[in-house]
Amino acid sequence: MWFLSRKGPSGFSASSTAEEVTEGIDGTGLIAIVTGASSGIGSETARVLALRGVRVVMAVRNVATGRKVQEAIVKENPTAKVDTMELDLSSMASVRNFASNFNSSGLPLNILVNNAGVMASPFLLSKDKIELQFATNHVGHFLLTNLLLETLKKTATESKKEGRIVNVSSRRHQFSYREGIRFDKINDPSGYNGLSAYGQSKLANILHASELARQLKEEGVNITANSLHPGAIPTNLFRYHGLINGFLGLVGKHVMKNVQQGAATTCYVALHPQMKGISGQYFADGNVAKASSQANDSELAKKLWDFTQKLISTASES
């Protein structure tokens, strides 16, 4: 259990909070995009980054809810710089619209936190006819990252400050389908399992970050890409499972992390000076962690990259 964890090499543990891992860090002048920032660890990530002086763009599906979170952040911290923009990661059109609006705003971009997600849903297709969890958790973030990459590169070059891309994955990546990524059955309802499909999408998050890190290093760009497991947290990710949701509401606070602890690793990877130059790694509890053998498969990462690009291209043509 998290409260028995010892501090790792970073000096932090599973019980560390987002405020604790960023204490004393001045993020003034930095701009970050946080997807899924209207609830859970996304809203806490946005709050703490803003607390440290970062200007935060909350990329959210429900703008009204996002603005309420924005107002709460500013009420608590009147100097906070927070914006809300609409983004539905299950829709490539929405992703393209968001990226176009942000890129045309002229704002720089130092940090991209790919946090939003849907978990263990029944079999559903996205607006682009892709299995919903894979579409939202992986494909949407993959496309978003690609569309914002030039702005990230330009900012890193002009500011001479390291850019950071953070993919929020999950320990559930270890429990994907046997083959890891069902390339030939992404949209096949037969054999579909909600939790395995979630694991598949979270495995994809790690593979995406790893291959992106390799490409950025090869290119000599001052941008890092890492992935992480935030910890088990009773958030609305469990909304498709009423029984589980109810159970977590009763016992979650005793055996799981709270939201403040859940956002800690994200904020650590996004902002901490200890992370300078570290790329292509997987983190948990504020420290480098061990991912599955499939997550460390560089050939699988390259195959997924090519597969995702083709998927996006095909969807755009239809």
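The values are calculated or read from the model by the stated rules, or taken from the named source; none is laboratory data. If you're wondering where the values come from, they're calculated on a predicted model, not measured in any experiment. A quick note on method: Cβ atoms are made from the backbone with ideal geometry, for glycine too, and the neighbour counts reach across all protein chains shown. These accessible areas exclude ligands, DNA and RNA; they are computed on the full protein's heavy atoms, side chains included. Shrake-Rupley method; radii C 1.70, N 1.55, O 1.52, S 1.80 Å.
Taking H as built 1.01 Å from N, whose amide H comes closer than 5 Å to the amide H of residue 37, not counting residues under 5 places away?
59
Mind giving me the FRET efficiency for residue 26 and residue 221? R0 is 30 Å, r the Cβ-Cβ distance, nearest 0.05 is fine.
Numbers: r = 24 Å, r/R0 = 0.81.
Efficiency computed from Cβ-Cβ geometry: 0.80.
List the longest stretch of the chain that has no exposed loop site; here a site is one of the trypsin sites (Lys or Arg not before Pro) assigned by DSSP to anything other than H, G, I, E or B, with at most 13 other Cβ within 10 Å. Could you put the intermediate results ahead of the total?
Working: sites that count: 6, 129, 160, 178, 276, 290.
Counting only loop sites that pass the neighbour cut-off, the longest clear stretch is 7-128.
Could you please report the charge total around residue 179, scoring K, R as +1 and D, E as -1 over all other residues with beta-carbon less than 14 angstrom from its beta-carbon? All intermediate terms of the calculation are to be shown ahead of the outcome.
Values: positive: 178, 182, 185, 303; negative: 184, 188, 297, 299.
Residues close to residue 179 contribute a combined charge of 0.
Calculate I(q)/I(0) for region 80-222 by the Debye formula, one identical point scatterer on each C-alpha and no solvent, and give its log10 at q = 0.20 Å⁻¹ to two decimals.
-1.20
Taking every eigenvalue of the Cα gyration tensor of the chain, multiplying by 5 and rooting it, what semi-axes result, largest first, whole Å?
Here the semi-axes work out to 26, 23, 20 Å.
What 222 nm value per residue comes from the helices of the chain, counting each DSSP H run with n ≥ 4 as -39,500 (n - 2.57) and dividing by all residues, nearest 500 deg cm²/dmol? All intermediate terms of the calculation are to be shown ahead of the outcome.
Numbers: 10 runs with 136 residues, N = 318.
Roughly -13500 deg cm²/dmol at 222 nm, from the helical runs in the chain.
Can you bin every Cα-Cα distance in region 33-143 into 5 Å intervals starting at zero and give me the percent of pairs per bin, rounded to whole numbers?
Computed distribution, short to long bins: 2, 13, 23, 23, 19, 11, 6, 2, 0.
For labels at residue 314 and residue 96 in the simple 7 Å Cα→Cβ model, what's the distance in nm?
1.8
For region 1-59, how big is the tail of P(r) above 18 Å, as a whole percent of Cα pairs?
Roughly 43 percent, rounded to a whole number.
Antiparallel as a % of all DSSP beta bridges within region 2-316, to the nearest 5?
15
Find the relative contact order for region 2-316 and round it to a whole percent, using C-alpha pairs within less than 8 Å whose residues are 6+ positions apart.
It comes to 22 percent, rounded to a whole number.
For region 2-316, what does the accessible surface come to per residue with a 1.4 Å probe? Please give it in Å².
44
Tell me, what is the FRET efficiency for residue 159 and residue 125 to the nearest 0.05, using R0 = 51 angstrom and their Cβ-Cβ distance as r?
For R0 = 51 Å, the calculated efficiency reads 0.80.
Round to a whole number: what % of the accessible area of region 2-316 belongs to carbon and sulfur, probe 1.4 Å?
After summing per-atom areas, the C and S share lands at 52 percent.
If you find the alpha carbon centre of region 271-291 and of region 293-316, how far apart are they in angstrom?
23
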